[in-house]
Ligand SMILES: Cc1cc2nc3c(=O)[nH]c(=O)nc-3n(C[C@H](O)[C@H](O)[C@H](O)COP(=O)(O)OP(=O)(O)OC[C@H]3O[C@@H](n4cnc5c(N)ncnc54)[C@H](O)[C@@H]3O)c2cc1C
């Protein structure tokens with residue numbers, strides 16, 4: 001069974017994001033990178049391949065600029081990549097994006113697991129994985145922090161979910177859609193060999209027509225505004241030892257009536 | 001003319017930046033203070049393929065070009081000079097020299113394990129009595145049948161206690177003119193008669209290994225001779241063409257480090273009611289640093305491009321190394337100045353940058369030697385003749401075929 005990883009590009013987390021008066025969002029000339037959460041999904045896919053999955057396809061709905069995120073995933077070790085790119089998706093909301101991704105997943109043979117990051121660092125809705133699961137009619141396991149057992153032949157997976165209240169162990173038949181949290185693994189760097197192979201890889205583009213896709217976005221961004229900035233004073237507590245620094249911090253917190 | 005880096009070059013640099021930032025940066029200050037090399041550094045650089053970055057895949061390398069080698073050095077020295085020193089000796093001075101001058105057997109014996117990071121390599125030219133004046137070194141090699149017997153001492157050798165293999169130069173013909181009587185050899189640290197040690201109390205590169213190699217009646221197989229008898233000086237000088245390139249590219253990273261730390265500090269430190277970044281004298285320092293960075297980088301990229309094309313680049317590489325290292329010292333001095341008293345303490349990184357910068361204007365040709373070389377080129381007193389073995393031009397096909 002194959003694994004599909006869904007990804008997209010987001011502004012580098014170090015970028016300074018600005019919202020202008022007309023509500024447009026910009027991040028200067030900061031580079032677009034693979035959504036950081038998705039790196040954990042890619043890493044988990046690579047580990048699941050070692051545990052018996054037959055291959056990994058990485059999938060993104062986006063435009064030409066999205067290719068770098070796909071190449072990054074290829075350089076980490078994914079086998080092939082597909083870009084879903086269509087003018088009708090330009091202003092897409094998560095419902096439409098997830099519909100496109102689900103349709104693309106259906107075009108890939110023998111998919112056992114769809115992996116996504118928990119959320120994106122730009123849109124930040126966290127809805128896409130759940131919606132993909134709904135379109136496909138598969139179980140969706142969100143906030144997965146560990147794959148405890150997987151049996152591709154028997155079509156079964158057991159995972160641990162990291163919830164606010166604690167940890168939950170759940171079992172599901174395959175295929176499933178999974179979203180991962182960053183506790184799940186430590187993503188590897190792309191390898192040099194991977195970078196070279198990714199540089200040469202052909203990334204096919206699937207259009208809405210290829211996917212038999214129609215629909216328009218239901219959600220529009222009415223207005224975007226930057227959060228109110230607060231003036232915060234930062235004070236560094238230094239000491240020769242960790243213990244001493246902790247003591248000073250505690251004293252300070254008590255003195256300032258924080259605790 | 002195209003100034004753009006290709007995607008592969010950019011991604012390789014990005015990968016090395018992440019490695020250095022996440023795995024080295026958090027603890028490097030502590031290793032520097034201890035004057036020890038972290039035991040993880042060499043194995044990790046080997047594992048990730050950094051130690052074989054620009055060597056052909058069929059010799060165990062990663063198949064990237066010489067420009068990428070420079071970019072990798074810049075990223076490494078952005079974090080600490082000792083990381084780049086590894087590339088200078090392991091790749092620049094030793095591995096690329098074997099690629100250039102070695103026989104197919106020598107490539108199999110040395111280049112492959114070095115490219116794979118299974119064996120580390122160093123370079124031994126300098127002796128206690130001879131540095132700049134390398135043609136007059138004293139170490140000797142005497143041929144006896146199928147072996148050479150080596151005697152002598154090499155000093156200030158990077159990775160002296162870490163490397164498995166060393167490219168060393170010794171005198172085979174005491175009667176020939178000094179530079180014509182030298183021969184290059186590969187020796188291994190486990191050969192009988194080879195002893196090594198580290199030097200402590202260095203001003204900089206404290207998180208790295210710099211030491212000595214003593215050779216006492218070391219029997220070296222004739223098959224380990226690199227180049228012909230009498231070609232040792234040429235071999236060593238062409239090794240320096242590559243080593244200096246890595247030093248220059250690394251120093252470029254050090255200038256960047258100084259600039260980035262200074263910009264961050266200048267925005268945050270306030271005097272007279274404003275961030276110091278608003279004082280024109282501070283701005284002038286930052287302006288110069290950014291000019292030095294771009295100039296150093298362009299000079300290094302030109303040298304890397306020439307290597308890719310297979311063009312002789314002794315003059316251009318010397319210029320890049322001289323300019324980048326001299327200006328990395330200047331940038332580090334300014335960075336400390338911008339940090340005020342905090343720059344004078346090891347609480348901030350710039351004092352380490354300053355100590356590290358000073359080595360590179362001494363090794364691989366002191367700044368004075370480069371100045372003399374450039375003057376000699378300008379005066380028409382120096383030209384570079386063709387070598388029997390030139391560094392092969394980068395060829396994607398040849399480099400990346402498995
Ligand atoms: C950290 C470190 C790592 C090193 N690693 C290696 C290594 O891996 N392998 C290796 O072989 N060597 C290595 N070296 C040695 C280095 O290459 C030599 O130190 C360098 O070549 C200078 O030689 P020297 O120290 O003997 O100085 P000297 O040659 O004695 O020079 C002393 C001073 O005189 C100046 N001078 C010399 N000749 C002239 C001239 N003709 N005109 C004007 N001025 C002149 C020099 O510029 C310098 O300022 C390393 C050195 C250091 C500090």
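The values are calculated or read from the model by the stated rules, or taken from the named source; none is laboratory data. Because the structure is predicted, anything quoted here is derived from the model rather than measured. Note that each Cβ is placed from the backbone with ideal geometry, even for glycine, and that neighbours are counted across all protein chains shown.
Residues in the stretch B:61-96 that are more than 12 Å from chain A (Cβ to nearest Cβ) and not in a helix (DSSP H, G or I): 1 in all.
Applying the criterion of at least 2 residues that are out of contact with any strand residue (DSSP E or B) (no Cβ under 8 Å at 6 or more places or on another chain) and more than 11 Å from every other protein chain (Cβ to nearest Cβ) to the helices (runs of 4 or more DSSP H) found wholly in the stretch B:1-57 leaves B:25-34, B:41-47.
Of B:306, B:373, all but one fail to be outside the structural domain of residue B:90 (by TED's automatic domain parsing), surrounded by 17 or more Cβ atoms within 10 Å (Cβ to Cβ), within 16 Å of the ligand (Cβ to nearest atom) and outside any loop (DSSP other than H, G, I, E, B); the exception is B:373. Among the residues of the stretch B:54-62, at least one is closer than 19 Å to residue B:14 by Cβ, assigned by TED's automatic domain parsing to the domain that holds residue B:11 and more than 16 Å from the ligand (Cβ to nearest atom). Taking the criterion of being closer than 20 Å to residue A:83 by Cβ, touching a helix residue (DSSP H, G or I) at 6+ places or on another chain (Cβ under 7 Å) and surrounded by fewer than 22 Cβ atoms within 10 Å (Cβ to Cβ), the residues of the stretch A:122-135 that qualify are A:131, A:135. Highlighted here are the strands (runs of 3 or more DSSP E) found entirely within the stretch A:153-242 that include at least 3 residues which are at pLDDT 95 or above, surrounded by 10 or more Cβ atoms within 10 Å (Cβ to Cβ) and in contact with a helix residue (DSSP H, G or I) (Cβ under 9 Å, 6 or more places away or on another chain): A:176-180. Criterion applied to B:347, B:397, B:390, B:368 was being more than 15 Å from the ligand (Cβ to nearest atom) and assigned to a helix (DSSP H, G or I), and the one residue passing it is B:397. Taken over the stretch A:118-145, residues that are in contact (Cβ under 8 Å) with a residue 60 or more places away in the chain and closer than 19 Å to residue A:92 by Cα amount to 7.
Per the conditions (1) under 24 Å from residue A:115 (Cβ atoms); (2) more than 14 Å from every other protein chain (Cβ to nearest Cβ); (3) in contact with a strand residue (DSSP E or B) (Cβ under 6 Å, 6 or more places away or on another chain), the sole criterion not satisfied by residue A:203 is (2). Within the stretch B:117-140, restricting attention to residues that are under 15 Å from residue B:243 (Cα atoms) and outside any loop (DSSP other than H, G, I, E, B), the residue that is farthest from the ligand (Cβ to nearest atom) is B:121.
For the stretch B:145-156, indicate whether the set of residues that are assigned to a loop (DSSP other than H, G, I, E, B), within 16 Å of the ligand (Cβ to nearest atom), over 20 Å from the mean Cα position of the chain (by Cα) and more than 17 Å from residue B:91 (Cβ to Cβ) is non-empty. Checked the stretch B:145-156: no residue is assigned to a loop (DSSP other than H, G, I, E, B), within 16 Å of the ligand (Cβ to nearest atom), over 20 Å from the mean Cα position of the chain (by Cα) and more than 17 Å from residue B:91 (Cβ to Cβ). Got at least one residue in the stretch B:100-109 being within 16 Å of the ligand (Cβ to nearest atom) and within 19 Å of the chain's Cα centre (by Cα)? No, because not a single residue in the stretch B:100-109 is within 16 Å of the ligand (Cβ to nearest atom) and within 19 Å of the chain's Cα centre (by Cα).
Of all residues in the stretch B:171-194, those that are crowded, with 18+ Cβ neighbours inside 10 Å have Cβ atoms under 6 Å from Cβ atoms of residues that are at pLDDT 95 or above and in a loop (DSSP other than H, G, I, E, B), 6 or more apart or on another chain, in B:171/B:181; B:172/B:229; B:181/B:173; B:183/B:172; B:183/B:229; B:184/B:227; B:189/B:164.
State yes or no: is residue B:356 in contact with a helix residue (DSSP H, G or I) (Cβ under 9 Å, 6 or more places away or on another chain), closer than 20 Å to residue B:245 by Cα and either within 15 Å of the ligand (Cβ to nearest atom) or within 14 Å of another protein chain (Cβ to nearest Cβ) (or both)? When the stated conditions are applied, residue B:356 passes them.
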